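Read-outs: derived from the displayed coordinates by stated rules, not from any lab. These numbers were taken from a predicted model, which means no experiment stands behind them. Note: ideal-geometry Cβ built from the backbone for every residue, glycine included; neighbour counts use all protein chains shown.
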Amino acid sequence: MEYRGWAAAADTRTAALSRIDFRTRLGWAFVGLPAGAMLIGFGYLIIYAAPEYDDFCIALNTTNSGFLSALINFYKSWSGRLPAIALIQSPEFISAHTRMSMLSAYSLVLAIIYVSYLVGAITAFARFCQYAGVATIFSLCAVFVATTIAVSPDPHEMLFWLPGSACYIPPTAAAIVFLAELFRLDELTNSRVSVLSVMGCSAAMFNEFTGVWLVLVLIGSFSARLLTKSPLQLSQHVLMAAAVVIGLTIIMVAPGNSHRQAAVPNAGHFLYSIWMSSIYSAYCLFQLLCKPAVYGLLLVAAILGNKSTPRMDRKNTLRLVIVLVAVSSSCCYFEFFTHEYATGVHLVGRAQNQAVIFLLFGLSLALYAFAPHIPVPWALDRLRPGFVTFIAALTLALSPVCLLAFSQASSFRAFYFESAERDRLLREGATAIPKHRAKPSLLLGNDADSSTDCISQYYGSPQLTVLD
């Protein structure tokens, strides 16, 4: 009887602790809710996106030559970014083979890219935080993606302009999965190596930076394994590097690169590029660190990481973190330097988006991995999910991009209806269209009056006039 009474009491205590633990996990899931709401809002805004001049030029070539022929022509005369160009061609291909308008197809492709970024972020965090629960993965992913949008150097080109989004967002999603998967430092199975090889080869063809990034990640992974006495698996790393180099070679040997290089006569100054890219990257880093949303993300990563199970001892974890931060920061600087060297100008906003995403992901992983070894003050340890949720939500709401979205919210629908009306007029053979009266900078880069040649030819108009 005494034993049964003691066992019943123990079962009661265990059930009570389980209920408390469940409530705690549920509470931490709420940390990601404000960020999730923000992601839904920006995803909905993609419906309002509209093609611009460059989009119509690519659509015109696709219409005249066919999808594959146009893709080959672009490779020979413009750029080796085959997967990105194929994505940019997709709205016209969809419009030509369905009843969907170019305007709707454009938003559809942007939405697919946006979803691929979300899926990539979820996969990356789920693979690295292998012992974390669903609530932790959801909160980390939601706050991370929302933060990258909130601090984006150019949110228009990140989410709402297809050439800027297609060239940089899909390969970045692949790169963060690549980084997370390799820095688990566990044994790589043949199936994982195969998937990462295909992913790496494909991502390397999206732009000239990502392939080198992935090679640096592989070097970093091997170095971290060497330092922490994890399984080295040299042959697997060499195989993945070979696949990445194949993709990088395809983009670098494209005949179109010479035509683009001829248009930038100020390029090719090595020492000057090192100096200028160092100054400009430091300036951009300072700007990034001045944005509160970054610290909201790092707080969430630290708090959730502190509640996780350490994957290795403190000394080896510190070595892992040092290599992880070194790799992510080196990749970002390489992008700044390469663009300065190849073009003679500073890194453009759409490419900075890629660097910001990769850097913040690397810092988030490093902090999450080392947080279990950090002695947490009593006050910080007692932080409740509600308070962390409030801080994360406040820092996101006060970010420049969110404040810009709030200030322009009243013009989004007007811009979309003006774009739809313009598309209808042009399909009906109009030779004159009005300028946009609603001009939210989140959705609009350049209006039709900047250049009308491709637009008029795409719609079959002999000459197009843009009215004030």
Listing ARG319, ARG314 from the residue with the fewest other Cβ atoms within 10 Å to the one with the most, what is the order? ARG314, ARG319
How big is the dipole moment of the chain about its Cα centre under a simple scheme where the beta carbon of each Lys and Arg is +1, that of each Asp and Glu is -1, and everything else is neutral? Debye, nearest 20, please. 1460
For MET100, MET205, MET276, what ranking results if the residue with the fewest other Cβ atoms within 10 Å of its Cβ goes first? MET100, MET276, MET205
Going by Cβ distance under 4.7 Å, what cysteines of the chain have no possible disulfide partner? CYS129, CYS141, CYS167, CYS201, CYS284, CYS290, CYS331, CYS332, CYS402
Quick check on packing: order 288-295, 244-251, 108-115, 173-180 by the mean number of other C-beta atoms within 10 Å, highest mean leading. 173-180, 244-251, 108-115, 288-295
Pop a pseudo-label 7 angstrom from the Cα along the beta-carbon direction at both MET252 and ASN266 and give the gap in nm to one decimal. 2.6
For Rg and Dmax of the Cα atoms in Å the list reads [x] 24.6, 97; [y] 28.6, 102; [z] 23.1, 82; the calculated value is entry [x]
The answer for the chain, counting only DSSP H helices whose Cα atoms cover 24 angstrom or more along the axis and whose Kyte-Doolittle average is 1.0 or greater, is 102-128, 162-182, 210-228, 234-252, 270-289, 349-370
What does the highest-first list of 91-97, 385-391 look like by mean Cβ count within 10 Å? 91-97, 385-391
Run the numbers on the range 331-435 and let me know its relative contact order in percent, using alpha-carbon pairs under 8 Å that are six or more apart. 13
Residue-normalised 222 nm signal for the chain, counting each DSSP H run of n ≥ 4 as -39,500 (n - 2.57), nearest 500 deg cm²/dmol, is -24500 deg cm²/dmol
Most exposed to least, judged by fewest other Cβ atoms within 10 Å, HIS237, HIS156 sort to HIS237, HIS156
Let a ≥ b ≥ c be the square roots of the eigenvalues of the Cα gyration tensor of the range 257-407; is it rounded (a/c under 1.5), or, if not, prolate (a/b larger than b/c) or oblate? oblate
